[in-house]
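The values are calculated or read from the model by the stated rules, or taken from the named source; none is laboratory data. These numbers were taken from a predicted model, which means no experiment stands behind them. Ideal geometry is used to build each Cβ from the backbone, glycine not excepted, and the neighbour counts take in all protein chains shown.
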């Protein structure tokens with residue numbers, strides 16, 4: 001079974017499934033969902049990969065506002081840094097943005113003009129002379 005795709009486009013591995021039991025030294029039975037009921041329930045160890053989770057990357061779902069399709073909107077909190085890269089004929093300003101529910105290490109760089117158009121509340125107002 002190729003899980004819906006033929007040839008080179010078929011996925012090498014499908015999903016993360018808990019192992020229910022060890023059938024013998026070389027065969028295991030994973031907890032497969034109902035849509036994979038047509039697949040043989042036992043797998044040789046050579047077809048399995050060990051999944052090791054990183055506990056620091058786990059974020060609790062309570063305060064995120066997760067939607068029904070398990071997605072949520074990232075909201076920027078503040079601008080951490082600003083840099084200007086000089087190209088041949090122009091300069092491009094970038095800002096480092098800290099996102100809600102992310103650590104400082106998860107801050108990303110983005111074009112200042114794009115961030116200013118999408119999130120103007122992050123940028124302080126510059127007084128103009130009248």
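General observations
- Total residues in the range 16-25, condition assigned to a loop (DSSP other than H, G, I, E, B) and surrounded by 11 or more Cβ atoms within 10 Å (Cβ to Cβ): 1
- Contacts under 6 angstrom Cβ, first residue in the range 1-22 being more than 13 Å from residue 47 (Cβ to Cβ), partner assigned to a loop (DSSP other than H, G, I, E, B) and modelled with pLDDT of 70 or more, 6 or more apart: 2/10; 16/51; 18/31; 20/31
- Exactly one residue out of 41, 33, 11, 60 is at pLDDT 75 or above, over 20 Å from residue 123 (Cβ atoms) and loosely packed, with under 11 Cβ neighbours inside 10 Å: that is 33.
- Positions within the range 72-124 being part of a helix (DSSP H, G or I) and loosely packed, with under 10 Cβ neighbours inside 10 Å, in sequence order: 104, 105, 117, 120, 121
- Near pairs, Cβ below 8 angstrom, 6+ apart or cross-chain, from the range 37-61 (over 26 Å from residue 103 (Cβ atoms) and assigned by TED's automatic domain parsing to the domain that holds residue 16) to any residue that is exposed (fewer than 12 other Cβ atoms within 10 Å of the Cβ) and at pLDDT below 75: 38/1; 39/1
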